[in-house]
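Written out below as structure tokens is the structure these notes cover.
The values are calculated or read from the model by the stated rules, or taken from the named source; none is laboratory data. It should be emphasised that the depicted structure is a prediction, and the values quoted were computed from it without experimental measurement. Note: ideal-geometry Cβ built from the backbone for every residue, glycine included; neighbour counts use all protein chains shown. The area values use the complete protein model at the heavy-atom level, side chains included, leaving out ligands, DNA and RNA. Shrake-Rupley method; radii C 1.70, N 1.55, O 1.52, S 1.80 Å.
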Amino acid sequence: MRELVTAFRPGPDSEKPEDLLGHACTLVRLCGRDSAVAAVFLALVLVGTATRLAAGAPGGTALALLPVLAGSFAISAGYAVRSRRTLLAVLAEVRGRTGSPVDPGVPWTPFGSAVALDERIRDVELRRLLSAAHRCGELSWQAVAWAAATSVLFLFWTLAAAMAGG
């Protein structure tokens with residue numbers, strides 16, 4: 001079951017930067033887990049479809065359903081890729097703007113600088129990270145939903161192939 005991570009709007013003195021970063025990291029972990037689940041579903045559908053097609057032509061009805069299956073597969077894979085690319089792009093932008101490591105285990109002060117990151121800039125960047133983590137979470141959840149739909153379509157496609165005598 002998917003864990004629920006609620007959105008929140010930090011105000012002055014209500015959230016520490018560590019809490020913001022912790023929420024973003026939790027969302028990123030959920031994104032990774034969702035993407036892995038989608039990848040497993042899609043891999044099973046891909047192997048099953050390839051195996052069925054290798055056994056011979058499945059018949060007219062099954063061939064007519066194959067583009068629907070392929071489209072659903074492509075949508076799910078697209079959401080998973082977009083989730084990952086969005087996250088990497090935002091992390092690169094934050095690092096480029098601040099020069100600071102983005103890993104939560106690393107201090108915000110870069111090694112080459114003795115000056116800490118300004119609190120206002122840090123908070124803006126953390127909010128951007130959190131916003132991107134929410135977006136990636138939504139994209140990866142869509143990938144799982146479409147992968148599940150693809151799995152159901154695969155079952156219908158397999159039944160259509162079996163009923164067509166293939």
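Figures for the structure shown
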| item | result |
| --- | --- |
| Some residue of region 49-71 being open to solvent by less than 60 Å² (accessible area, probe 1.4 Å) and among the β-branched types (V, I, T) | yes |
| Single residue of region 59-77 satisfying the filter (of a type outside the set (A, V, I, L, M) and free of Cβ contacts under 8 Å to residues at least 40 places away in the same chain) that is nearest to S140 (Cα to Cα) | G71 |
| Residue among R82, R95, R33 that is touching a Leu at 6+ places or on another chain (Cβ under 6 Å) and open to solvent by 60 Å² or more (accessible area, probe 1.4 Å) | R82 |
| Given (1) under 23 Å from T26 (Cα atoms); (2) surrounded by 17 or more Cβ atoms within 10 Å (Cβ to Cβ); (3) among the hydrophobic types (A, V, I, L, M, F, W, C); (4) at pLDDT 85 or above, index of the condition L129 fails | (4) |
| Flag if V152 is β-branched (V, I, T) and modelled with pLDDT of 80 or more | yes |
| Count of residues meeting criterion [among the polar types (S, T, N, Q) and open to solvent by 40 Å² or more (accessible area, probe 1.4 Å)] in region 132-166 | 2 |
| Subset of region 19-71 [of a type in the set (V, I, T) and over 27 Å from the mean Cα position of the chain (by Cα)] | T51, T61 |
| Inter-residue pairs, beta-carbon under 7 Å, first among the basic types (K, R) and in region 135-158, second assigned to a helix (DSSP H, G or I), 6+ apart | R135/T86 |
